[in-house]
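Throughout, read-outs are computed from the coordinates displayed, never taken from laboratory work. These figures come from a predicted structure and were not determined experimentally. All Cβ positions, even for glycine, are placed from backbone atoms using ideal geometry, and neighbour counts span all protein chains on display.
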Amino acid sequence: MTDFGFEVVASEGRARAGAFRTPRGTVETPVFMPVGTLASVKALDPADLRGMHVQIVLANAYHLHLRPGDELVAALGGLHRFMGWNGPILTDSGGFQVFSLASLRDVSEDGVEFRSHIDGSARFFTPERVMQIETHLGADVVMQFDHVITGQSDRGASQDASDRSIRWLERCRREFTRLHLDEAAPKQTLFPIVQGGVHADLRTDAITAITAAGEWDGFAIGGLSVGEQKDAMYAILDACDAVLPHERPRYLMGVGYPEDLVEGVARGVDLFDCVAPTRMGRNGAAFTSAGRLNLRNAAMRSDPRPLDDACGCAACRRFSRAYIRHLIVSDEILGLRLLSLHNVHFLTALMRRAREAIRGGHFDAWSRTWLARYHSKTAIA
């Protein structure tokens, strides 16, 4: 038996409930992966994550390379031991930073030269260097180094970035294979990333090229939720679903708003990640089943209700909207922690309900009802 595998255990339409096997346990899909960019899901302890049944977390190779350093993490026993998390971990390669730190970098065929956003020091990322960094970190699933561009990019720029990502994938695979000839290397799998902007034919061409290049344990869909309209994102997911191998998990990168998760599951996506739940928590906002809640709104000042009546998280079981609002407007750290905890729990539980609906054969009805309620008010307050 190989260390990684995937089985679709139930399906309804294009929605799938699956089991993704890793060396550190099986992940039931569809699933949301909280983002621990710097080996920490902001404001939350690994015990919090386990308590809300988080199955897998994400960390970022770019940021951990800059601090504390990937070689230090390796010397301290790898990322799992370093952050006290014994479940599966996925590391992003830094490709998104090629996009988000555009003012600090220069892209060439060899790789990306950039200056650290921390101290201005010069760095050079190549596909080979990124594989070395991700091997040092020791995550279970590692992402290829890819070229991400804005969602509104024209066809020429989108094709250029997609083609470069495919060329970089081959370099990633060669170096990944070389590194893992060493028996001491961690057990890892490399996921390719499908690029192509909002151009469906470029996406399908990329998938064709990637699948022809060899066997992969899973596929990622990148370069979405970077400025394009939601309808365009959903159309690209439709196009990718039609040609991606059915027997492998699909990971939609950087997408994590509740409605997008439900729409993505309906289009065959299995794994999601996003900084949105903790970022929104730090800004005083909460996800609820009837829309987004702004805790800074004066209407919350005396509201005795929990954030969401249907939520079973620790924040909703123990505290009122009024109390959490008081913490937020008073700049008390506990308020940020409670909202972050609630938002991560909300998305984790949402994907659990989606799995149950698929297994029960009523996902279509459940998702239509859920989306209608969620969209009934884009913001409660």
Checklist outcome for this item: Contour minus Cα-Cα span, ARG296 to ALA314, at 0.36 nm per residue, comes to 4.4 nm
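With contacts defined as alpha carbon pairs under 8 Å and 6 or more residues apart, what's the relative contact order of the stretch 1-63 in percent?
Working: 81 pairs, mean separation 15.9, N = 63.
Relative contact order here is 25 percent.
From Cα pairs below 8 angstrom and at least 6 apart in sequence, can you work out the relative contact order of the chain, rounded to a whole percent?
Numbers: 764 pairs, mean separation 66.9, N = 381.
Relative contact order comes out at 18 percent.
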Checklist entry - Where q = 0.10, 0.17, 0.24, 0.25 Å⁻¹, what log10 of I(q)/I(0) comes from the Debye formula for the stretch 19-108, counting one point per Cα? => result -0.29, -0.78, -1.25, -1.30
Next on the checklist: Please compute the modelled spin-label separation between ALA242 and VAL329, points set 7 Å along Cα→Cβ, answer in nm with one decimal.
Outcome noted: 5.2 nm
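For the stretch 89-196, what does the convex hull of the Cα positions come to per residue, in cubic angstrom? Write out the running numbers ahead of the final one.
On the way: hull volume 10.9 nm³, N = 108.
That works out to 101 Å³ per residue.
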Next on the checklist: What are the extents of the Cα atoms of the stretch 262-381 along their three principal axes, in Å, largest first?
Outcome noted: 45, 25, 22
Checklist outcome for this item: For the chain, any Cys whose C-beta has no other cysteine C-beta under 4.7 angstrom counts as unpaired, and these are CYS172, CYS240, CYS274, CYS313
Checklist outcome for this item: Among the stretch 251-275, those whose backbone N falls under 12 Å of a label point 7 Å along Cα→Cβ from SER100 are 254-255, 274-275
Item to check | Normalised convex hull volume, the stretch 173-221, alpha-carbon set, Å³ per residue | outcome: 76 Å³
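How long is the gain from THR2 to SER376 if the chain were fully straight, where each residue apart is worth 0.36 nm and the alpha carbon distance is subtracted? The partial results should precede the final answer.
On the way: separation 374, 0.36 × 374 = 134.64 nm, distance 4.61 nm.
Computed gain between THR2 and SER376 is 130.0 nm.
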Checklist entry - Which one of ALA322, ALA184, ALA161 has the biggest mean-square fluctuation once the chain is modelled by GNM with Cα springs under 10 Å? => result ALA184
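Quote the relative contact order of the stretch 282-375 in percent (integer), defining contacts as alpha-carbon pairs under 8 Å separated by 6+ residues. Write out the running numbers ahead of the final one.
Details: 109 pairs, mean separation 28.9, N = 94.
It rounds to 31 percent for the stretch 282-375.
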Item to check | Gain in span if fully extended, ALA10 to ASN283, counting 0.36 nm per residue against the direct Cα distance | outcome: 94.5 nm
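Once every DSSP H run of n ≥ 4 in the chain is given -39500 (n - 2.57) and the sum is divided by its residues, what mean residue ellipticity at 222 nm do you get, rounded to the nearest 500 deg cm²/dmol? The partial results should precede the final answer.
Working: 15 runs with 163 residues, N = 381.
The helix-only estimate for the chain comes to -13000 deg cm²/dmol at 222 nm.
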